[in-house]
């Protein structure tokens, strides 16, 4: 039954996506009405220095896939839903002079408080630059993050109540049984082997990091509102997560950990002059690698998928060549499908790697003094 | 243009850092502490209960096997005992039989011997009687034959005593 539904959905997807692309080409040379938000994003030509609200009104002559892709994987102060429909988001910007500008993003289509919406971002109305502004707005990424927070809270409190309701000795059911293998995996394969006997103390952090990254990776793959934001491929997000791992690691670090950094046992005093700076650099390179890995993997995945979708527009010469568009669709759809499947794997894999490495770093910091010969 | 975009891409936005921190900390302390901890605890205690159930099942199986082998041993012992008892009974029977036979034989021999002795005795007494009778008769006959000469002749006297001696 379940597999039958899956295959029906698969067939519909396979048939509909080229058809949708084709019909939109046949109707109009501007590609503003294409099916998914992914495709819509490509259609927007982002020209330097032009206000964003002008984009859809203009008849676009030339496509710039790079700009479109960059626009799509970047954050925005408004949430693009469908065609010209945009969800305005709250704006909260501290200007260079120290005053705050607060409102909804649709108020900034025209200049407001010396600020204006350009390429989806709030910038200074005169210099067209975000320099010096502190933008604490609820952006597209933040909106998706809040959504993910809501989802996670609902999911895990319901799972928790299932455990309390059904008791310990009955088999899991529904959502509980879907999540239990994943939870067990995080506990058994990430936390326990790396954190040792004190793993329970760090379990909330490890599990929170895993599920927070996982759900945002997955939501990032959903190509339409209210998901689709490239949150986990945003350097600010990965930076924050990596910094939290750094803080947890160093706060939990025991005497043994600090001794290994500042006075590595078994190393001659003179060599410590070299070893200690290296160890101190090592403290920072570990979370730095975490930050870069998640950012690069997620962003790269999004760029590849968007590039493949762009193929339709490049080969179709922006709607001028219908045959090219059909050819591009024929190539792009299977590849995008494949990439999406791969990204689904990557979404799990990167959440796993981030938490696994976090657990390893924390595990190293809380390791008891027992393996002297190891170094 | 590309370089500019790339720079923008790897420059962290303070606003997003702020919101990520708030969201994640909220998630960590709300869901992490209030949901993940009890969930992990529930999973752990279920694992323990499953393990316990498995080990107790194993123990019960072992006990059953033990019981079975005990039973078998008991049956074997009972069988042995029964055969022992049977054997003893058989021995006893044969012993009794042998004993009785020997006794009967002995009795028979005794009876025969007694009978023989009796017969011998009877025979002897009969012979003695016959002898006495014969001697009496002989004396009477001799008396009758020798009545007249017995009183005077010495030769006769000797003859008679010689006869008597021979009779003995």
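The values are calculated or read from the model by the stated rules, or taken from the named source; none is laboratory data. In this text the structure is predicted, and so the values were computed from the model without any measurement. Using ideal geometry, Cβ is built from the backbone for each residue, glycine included, and neighbour counts are taken over all protein chains shown.
A single entry from A:173, A:160, A:140 fulfils the requirement of being buried (at least 17 other Cβ atoms within 10 Å of the Cβ) and within 30 Å of residue B:54 (Cβ to Cβ): A:160. Output yes when any residue across the range B:35-43 is in contact with a helix residue (DSSP H, G or I) (Cβ under 7 Å, 6 or more places away or on another chain), at the interface with chain A (Cβ under 7 Å from one of its Cβ atoms), outside any helix (DSSP H, G or I) and without any contact (Cβ under 8 Å) to a residue 40 or more places away in the chain, and no when none is. No - not one qualifying residue is present in the range B:35-43. Does residue A:282 count as surrounded by fewer than 21 Cβ atoms within 10 Å (Cβ to Cβ) and not assigned by TED's automatic domain parsing to the domain that holds residue A:75? Spelling it out, residue A:282 is indeed surrounded by fewer than 21 Cβ atoms within 10 Å (Cβ to Cβ) and not assigned by TED's automatic domain parsing to the domain that holds residue A:75.
When B:22, B:50 are checked against the criterion of being part of a helix (DSSP H, G or I) and surrounded by 15 or more Cβ atoms within 10 Å (Cβ to Cβ), a single residue qualifies: B:22.
Which residue out of A:328, A:324, A:316 is touching a helix residue (DSSP H, G or I) at 6+ places or on another chain (Cβ under 6 Å), over 26 Å from residue A:247 (Cα atoms) and without any contact (Cβ under 8 Å) to a residue 12 or more places away in the chain?
Exactly one residue qualifies, and that residue is A:324.
The residues on offer are A:214, A:175, A:218, A:195, and the sole one that is more than 10 Å from every other protein chain (Cβ to nearest Cβ) and farther than 30 Å from residue A:302 by Cβ is A:195.
Can residue A:341 be described as buried (at least 21 other Cβ atoms within 10 Å of the Cβ) and under 25 Å from residue A:219 (Cα atoms)? Spelling it out, it is not the case that residue A:341 is buried (at least 21 other Cβ atoms within 10 Å of the Cβ) and under 25 Å from residue A:219 (Cα atoms). Within the range B:54-65, does at least one residue satisfy the condition of being at pLDDT below 90 and more than 7 Å from every other protein chain (Cβ to nearest Cβ)? Within the range B:54-65, none of the residues are at pLDDT below 90 and more than 7 Å from every other protein chain (Cβ to nearest Cβ).
State whether the residues of the range B:5-13 include one that is part of a helix (DSSP H, G or I), surrounded by fewer than 14 Cβ atoms within 10 Å (Cβ to Cβ) and without any contact (Cβ under 8 Å) to a residue 60 or more places away in the chain.
Taking every residue of the range B:5-13 in turn, at least one turns out to be part of a helix (DSSP H, G or I), surrounded by fewer than 14 Cβ atoms within 10 Å (Cβ to Cβ) and without any contact (Cβ under 8 Å) to a residue 60 or more places away in the chain.
If you check residue A:76 against the conditions, is it in contact (Cβ under 8 Å) with a residue 12 or more places away in the chain, assigned to a loop (DSSP other than H, G, I, E, B) and not assigned by TED's automatic domain parsing to the domain that holds residue A:178? Even if it seems obvious, please write down each step before you answer.
Numbers: in contact (Cβ under 8 Å) with a residue 12 or more places away in the chain: yes; assigned to a loop (DSSP other than H, G, I, E, B): yes; not assigned by TED's automatic domain parsing to the domain that holds residue A:178: yes.
It is true that residue A:76 is in contact (Cβ under 8 Å) with a residue 12 or more places away in the chain, assigned to a loop (DSSP other than H, G, I, E, B) and not assigned by TED's automatic domain parsing to the domain that holds residue A:178.
A quick yes/no check of all residues on (1) on the phi < 0 side of the Ramachandran plot; (2) within 7 Å of chain B (Cβ to nearest Cβ):
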{"residue": "A:115", "(1), (2)": "yes, no"}
{"residue": "A:120", "(1), (2)": "no, no"}
{"residue": "A:123", "(1), (2)": "yes, no"}
{"residue": "A:126", "(1), (2)": "yes, no"}
{"residue": "A:143", "(1), (2)": "yes, no"}
{"residue": "A:150", "(1), (2)": "yes, no"}
{"residue": "A:153", "(1), (2)": "yes, yes"}
